1. Looking at segment 75-82, can you tell me whether even one residue there is farther than 30 Å from Arg95 by Cα and hydroxyl-bearing (Ser, Thr, Tyr)?
2. Here's a check for you: in segment 89-123, which residue that is surrounded by 12 or more Cβ atoms within 10 Å (Cβ to Cβ), more than 13 Å from the chain's Cα centre (by Cα) and among the basic types (Lys, Arg) is farthest from Leu69 (Cα to Cα)?
3. Identify all residues within segment 23-65 that are assigned by TED's automatic domain parsing to the domain that holds His91 and over 17 Å from the mean Cα position of the chain (by Cα); write none if there are none.
4. For the list (1) surrounded by 16 or more Cβ atoms within 10 Å (Cβ to Cβ); (2) modelled with pLDDT of 95 or more, I need the number of the one condition that Val129 fails.
5. Taking only segment 123-138 into account, find how many residues are of a type in the set (Val, Ile, Thr) and assigned to a loop (DSSP other than H, G, I, E, B).
6. Does Tyr62 count as surrounded by 13 or more Cβ atoms within 10 Å (Cβ to Cβ), outside any helix (DSSP H, G or I) and out of contact with any strand residue (DSSP E or B) (no Cβ under 8 Å at 6 or more places or on another chain)?
Amino acid sequence: MSSLVRTGISLERELLADFDRLIARKGYGSRSEAIRDLVREHSVEADVARNKVIVGALTVVYDHHQPRLSERLIAAQHHYHGKVLATTHVHLDARHCLEVVIVKGRSAEVQHLADHILSLRGVKHGKLVMTTTGKQLK
């Protein structure tokens, strides 16, 4: 027997029209697919809030001429041993670099790592995106 369940929702006509335009722009094949993704997004947000194990990507743009910044970035990643899975480094121009740090761990620990790195002098901008490991999602 299938685990798929049919349900219905009521929306204002204008809200539904906005939703249909959005899902068409994003390329969804159906409203059901789009709604499943919205439910999954809320599930991931709940996992982050409950300090579950997540995976993520921390992007960091920094000035590599800032004294000792490269050393501090490496030290921070080593300090969070086991949380950093991989790092990719790209030279953007003569002064600036982009690093993408792939992380895994409890959301609070990963957020602490990101906060530590993003607060380093010479880091111009960065952002942490956390998502699911996929185990709990259907």
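1. Scanning segment 75-82 turns up no residue that is farther than 30 Å from Arg95 by Cα and hydroxyl-bearing (Ser, Thr, Tyr).
2. Going through the qualifying residues, I end up with Arg106.
3. Tyr62, Asp63, His64, His65
4. With (1) surrounded by 16 or more Cβ atoms within 10 Å (Cβ to Cβ); (2) modelled with pLDDT of 95 or more applied to Val129, the lone miss is (1).
5. Initially, segment 123-138 is screened for residues of a type in the set (Val, Ile, Thr), giving 123, 129, 131-133.
Keeping just the survivors that are assigned to a loop (DSSP other than H, G, I, E, B) gives 132-133.
Total satisfying the criteria: 2.
6. Here the answer is no, as Tyr62 does not meet what is asked.
Yes/no per residue for (1) assigned by TED's automatic domain parsing to the domain that holds Gln66; (2) assigned to a loop (DSSP other than H, G, I, E, B); (3) out of contact with any strand residue (DSSP E or B) (no Cβ under 6 Å at 6 or more places or on another chain):
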| residue | (1), (2), (3) |
| --- | --- |
| Gly82 | yes, yes, yes |
| Thr87 | yes, no, no |
| Val90 | yes, no, no |
| Ala94 | yes, yes, yes |
| Glu109 | yes, no, yes |
| Arg121 | yes, yes, yes |
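The values are calculated or read from the model by the stated rules, or taken from the named source; none is laboratory data. Remember, predicted model here, so these are calculated numbers, not experimental data. Glycine gets a Cβ as well: all are built from the backbone with ideal geometry, and neighbour counts include every protein chain shown.
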